[in-house]
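Some notes on the structure that comes next.
Bear in mind these aren't lab numbers, they're just calculated from the coordinates by the rules spelled out. What you are looking at is a predicted structure, and each value in this text was computed from that prediction instead of being measured. Heads up, the Cβs are rebuilt from the backbone with ideal geometry, glycines too, and the neighbour counts pull from every protein chain shown.
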Amino acid sequence: MPIQSEGSVRALALVGPVSAGKTTLMEALLRATGAAHARSGGGGEMVGDSSPEARARGHSVELNLAGFEFMGDRYAVIDCPGSLEFCADLDAALPAVDLAIVVAEPDPGKAQLLQPTLRELERLGVPHALFINKMDQAKGALPDLLAALAPASAAPLVARQIPIWEGDKVAGFIDLALERAFVWRPGEPMQSEIPAELRDAEAEARFHMLEQIADFDDELLEQLLSDVTPSRDAVFADLVREMNAGLIVPVFFGSASNGFGVQRLLKALRHECPPPQRAAERLGVERGAYVLKTAYAGQSGKLAYARVFGGGLDDGAEVTLPGGERSRVGGLSTVLGGALRKISSAPPGEVVAIGKVEQAMAGQILSLTGRPQAAREAVRPRRPLFAVALAARNRKDDVRLSGALGKLIEEDPGLTLTHDAEARQMLLAGQGEGHVRLVLERLKRRFGVEIDTAQPKTAYRETIQRGVSHRARHKKQSGGHGQFADVTIEVRPLPRGSGFVFAQRIVGGAVPKQWIPAVEQGVRDGLERGPLGFPVTDLEVTLTDGQTHSVDSSEMAFRIAGRTAIEEALRACGSVLLEPIEKLIVYSPSPSASNVTSALTARRGQILGLGPREDWRGWERIEAYLPQSERQQLIAELRGLTQGLGAFEADFDHMSELTGRLAEEASRPAPA
C-alpha cells in the first residue's frame with residue numbers, strides 16, 4: 001500500500017451539503033491528531049467558521065483552511081461551504097486537492113443533495129470518498145441508504161464498512177478490507193472479534209465489495225469465479241487504484257461530533273490518498289504555487305492562499321505570473337482557521353498564505369520556473385442569480401465604497417458589479433439573496449460603510465401603434481442672430497427587435513446636407529424618453545421636408561427642431577409599453593419539477609419544454625420565457641422548492657407588449 005512520499009503534503013477537501021457536518025469533521029480530524037484541542041465547556045467550533053458571518057449563520061460561508069500531522073505525514077485540509085450560494089469560493093480550490101471527502105447524512109431523503117457536489121468532482125476528475133456522518137443517529141439499514149445514494153454518483157459506491165448495532169444504535173463497524181471489528185470508544189476505537197451473529201453478513205458484504213472492484217480487475221474476477229481468496233494486499237491495491245482513477249467511490253461512516261470513525265478515516269487517508277503530483281498534472285503546474293483564493297487580511301494586506309507544487313517555496317522567492325509580471329514573495333504562513341503562523345519555506349503540497357503578490361488571482365499559477373504557466377482549465381465564471389442596487393448611505397463614503405467593493409469582488413468570484421447608466425444604479429449581483437446580504441454585512445463590519453439598497457429597475461421600452469407625419473418649427477429671436485429650423489418627419493412602426501432607423505428623402509436642398517445629421521441627433525434625443533417615460537424603439541423616422549433661413553439656421557436649431565418634431569409626433573402615435581423577456585433554463589430535481597413549472601407560470605412564465613438533464617439522473621431541464629421583472633426573487637423560491645438545489649441560467653430574448661394594470665404600475669412615476 002502506498003505511503004506518502006517523504007517531505008510532501010497531501011491536501012483534502014471536505015465537501016457536501018449544508019448541515020452534513022463538514023466543519024465538525026475537520027475539527028474532529030484536528031483534535032484526533034493534536035492540531036487543535038476541544039474547547040472547554042463546548043460552545044462552538046474552535047478553528048472552523050471563524051468569521052462573524054459564518055458563526056451568525058451556523059454554517060460555512062467561505063473556505064476554512066487548516067492542517068495536521070498524522071503518523072509523521074502532513075495534511076492540508078480545506079473545509080468548503082455547502083450552500084450553493086457560497087460555492088463559488090471553492091471553484092478554484094477544488095481542482096487543486098488530492099482527495100475530496102464528501103460528507104453526507106444517514107438520511108435517504110437527503111441523498112439527492114449530494115448530486116451537485118459529485119457531478120463537479122467527476123467533471124474535474126478529482127478522486128473522492130464518501131463519509132456518512134452522524135451514523136450514531138442512523139435509523140435505517142446501510143444497504144437502503146446506499147441504494148438511495150447510488151443514483152447521485154456516476155461511479156459505484158463501494159461500502160468499506162458495515163455497522164455493528166447495539167439495540168437501535170450503531171456502536172461500531174466491521175472493516176471489510178481488514179476483516180476486523182471495531183467498537184466505538186472515545187478516542188481510539190477498540191478492536192474486537194467479529195461477532196458470531198455478523199459473520200455471515202460480513203462475508204456477504206465483503207464478497208459484494210470484491211465483486212464491485214473486480215469489475216475493473218480481470219485477475220480478481222477470475223479468482224472470485226474460481227473460489228480463490230484474494231490476498232489482503234491485492235484487495236487494498238485494487239481499492240486504492242480504482243479510487244484514484246475515479247472508478248469507484250469508497251464509503252466510510254462515523255460520527256464526527258463524537259470522534260467515531262475518525263481514526264479509521266485517517267488511516268485510510270495515509271495509505272490511499274493520491275500523491276500531490278497527480279493534482280499538479282491535472283492543473284498543469286510544473287513548479288510553482290497554484291492560487292486557491294485571495295483575501296485582504298487587515299494590516300497584512302492582500303494574501304494569496306495557494307498550494308505549492310513541484311518543489312518547495314521559500315519566503316522571498318521570485319514568482320512569475322501568467323501575464324509575465326514578476327513579483328517577490330513577501331511572507332509565508334501556514335493557516336489554521338483564522339490564525340497564521342510565519343514560516344521561512346513551504347514543502348511540496350503545502351497550502352500556505354503568500355503575502356505581497358498583489359497581482360495574484362484565484363486560479364492562477366505563480367510560476368517558479370522563470371516563465372509563465374497557465375492552468376490547464378480556467379475557473380468558469382458563475383453567472384449572477386440575484387442583484388440589488390446599492391449606494392452609500394453617506395455620500396462621503398462613495399470613494400470608500402468603490403474600493404471596498406473592489407476588494408470583496410476580488411475575494412469572491414461569485415460576485416459581479418455593474419453600473420446601469422440608463423437607470424443610474426450600481427448593481428451588485430451574486431449567487432442568491434443570502435450571498436448578497438453577506439457582502440453588505442462585510443461592507444459594514446470590515447470597511448465601516450453603511451449601505452442603502454433598492455430593487456434593480458427593469459429596462460422597459462415603449463413603441464408606437466401607428467404612423468404619422470408631423471411638422472415642427474424652431475424659431476427664436478433675441479437680438480443679433482436668431483435660431484430657425486423647420487422640419488417635417490414621417491414616423492412609422494417597425495417589427496419587434498428592429499430598433500431605431502433614420503432615413504431622409506430631402507430634395508432640392510430643403511434641409512442642407514450638413515444639417516441632416518443634426519436632425520437625426522435631435523430625433524435620438526427625443527426618443528430617450530417617450531410619453532410613458534421610457535426609451536422608444538422599433539420605429540422608423542424619415543426626414544421628408546424642411547425650411548431654412550439664410551442667417552438664423554444652424555446645426556443647433558435643426559437639432560432642437562428634430563427633437564421637438566419627434567416629441568410631438570409620439571403623442572399622436574399611440575404609445576405601447578414593452579417589457580424585456582428572458583429565456584430561462586432551469587435545473588430541478590425531478591420530484592420538484594412540477595412545482596417549479598407552476599412557480600414559473602405564476603410569474604407569468606411560458607413553459608417551452610421539459611426534459612431530462614443530460615448526465616444527471618433524476619433531474620429535469622426546463623426551458624421557459626419569463627419577464628425580467630419577475631426574476632428578482634425567483635432563485636429564493638426555486639431553492640425553497642428544491643431543497644436548495646435548483647439553479648437557472650437567464651439570457652435576454654425579446655421584448656413583449658405589456659398592458660393593463662402592470663403597464664400602468666410600470667409607467668407610474670416613482671415617489672420622490
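Dividing the convex hull volume of the Cα atoms of the range 332-406 by its residue count, what figure in Å³ per residue is obtained? Spell out each step's value before the answer.
Working: hull volume 14.7 nm³, N = 75.
Dividing the Cα hull volume of the range 332-406 by its residues yields 197 Å³.
I'd like the FRET efficiency for GLU188 and ARG445, computed as 1/(1 + (r/R0)^6) with the beta carbon distance as r and R0 of 60 Å, rounded to 0.05.
Working: r = 42 Å, r/R0 = 0.70.
The value I calculate is 0.90.
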(request) List the lysines whose Cα lies under 23 Å from the Cα of LYS110, skipping any in the same chain that are fewer than 8 positions away. (result) LYS22, LYS134, LYS139, LYS169
(request) Can you tell me how much longer the chain between ARG328 and LYS407 gets when fully stretched, taken as 0.36 nm per residue apart minus their C-alpha distance, in nm with one decimal? (result) 26.3 nm
(message) Which of ASP552, ASP227, ASP89 has the fewest other C-beta atoms within 10 Å, and how do the rest follow up to the most?
(response) ASP227, ASP552, ASP89
(message) I'd like the FRET efficiency for ALA148 and SER345, computed as 1/(1 + (r/R0)^6) with the beta carbon distance as r and R0 of 60 Å, rounded to 0.05.
(response) 0.80
(request) Compute the long axis of helix 555-573 from its Cα atoms, compare it with the longest principal axis of the Cα atoms of the chain, and write down the angle in degrees, 0 to 90, nearest 10. (result) 80 degrees
(message) Just to confirm my numbers, what's the Cα centroid distance between the range 43-95 and the range 557-636 in Å?
(response) 38 Å
(message) Taking a virtual spin label 7 Å from the Cα of ALA141 along the C-beta vector, which residues in the range 91-122 bring their backbone nitrogen under 16 Å of it?
(response) 108
(request) Note down the nm distance, to one decimal, between modelled labels 7 Å out along Cα→Cβ at GLU637 and at LYS110. (result) 2.8 nm
(request) For LYS476, list the aspartates and glutamates whose Cα falls under 19 Å from its own Cα; do not include residues on the same chain fewer than 8 positions away. (result) ASP486, ASP552, GLU555, GLU567, GLU568
(request) List, in order, the whole-Hz ³J(HN,Hα) value for each residue of the range 502-512 obtained from phi through the Karplus relation with A = 6.51, B = -1.76, C = 1.60 and θ = phi - 60°; use x for Gly and Pro. (result) 10, 9, 8, 10, 6, 10, x, x, 4, 10, x
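Pull out the extension gain between HIS419 and ALA196, defined as 0.36 nm times the separation in residues minus the alpha carbon to alpha carbon distance; nm, one decimal.
Values: separation 223, 0.36 × 223 = 80.28 nm, distance 7.10 nm.
Between HIS419 and ALA196, full extension yields an extra 73.2 nm.
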(message) Can I get the semi-axes of the chain's equivalent ellipsoid? Compute them from the C-alpha gyration tensor as square roots of 5 times the eigenvalues, in angstrom, largest first.
(response) 62, 29, 22
(request) Between HIS271 and ARG55, with labels modelled 7 Å along Cα→Cβ, what's the label distance in nm to one decimal, could you check? (result) 4.1 nm
(request) Would you list which lysines come within 21 Å of LYS513, measuring only between C-alpha atoms, while excluding same-chain residues fewer than 8 positions from it? (result) LYS475
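For the range 381-449, what relative contact order do you get, as a whole percent, if you take Cα pairs closer than 8 Å and at least 6 residues apart?
Numbers: 87 pairs, mean separation 30.4, N = 69.
Taking the mean separation of contacting Cα pairs over the length of the range 381-449, I get 44 percent.
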(message) What is the angle, in °, between the Cα long axis of helix 22-32 and the longest principal axis of the Cα atoms in the chain? Nearest 10 is fine, range 0 to 90.
(response) 40 degrees
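Ranked highest first by average number of other Cβ atoms within 10 Å, how do 428-435, 557-564 line up? Mind dumping the intermediate values first?
Values: 428-435: 22.0, 557-564: 25.0.
Averaged packing, sorted descending, gives the order 557-564, 428-435.
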(request) Could you line up TYR75, TYR625 from fewest to most neighbouring Cβ atoms inside 10 Å? (result) TYR625, TYR75
(message) Angle check, please: helix 398-411 long axis (alpha carbons) against the longest principal axis of the chain (alpha carbons), in degrees 0 to 90, nearest 10.
(response) 40 degrees
(request) Give a residue-ordered list of calculated ³J(HN,Hα) values for the range 462-472 (Karplus: 6.51 cos²θ - 1.76 cosθ + 1.60, θ = phi - 60°; whole Hz; x for Gly, Pro). (result) 9, 9, 10, 9, 8, x, 8, 10, 8, 10, 9
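Normalising by the residue count of the range 140-299, find the relative contact order in percent from Cα pairs under 8 Å and 6+ residues apart. The partial results should precede the final answer.
Numbers: 152 pairs, mean separation 33.2, N = 160.
Answer for the range 140-299 is 21 percent.
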(message) Let me spell out the model: positive unit charges on the Cβ of Lys and Arg, negative unit charges on the Cβ of Asp and Glu, origin at the Cα centre of the chain. What dipole size does that give, in debye rounded to 20?
(response) 2780 debye
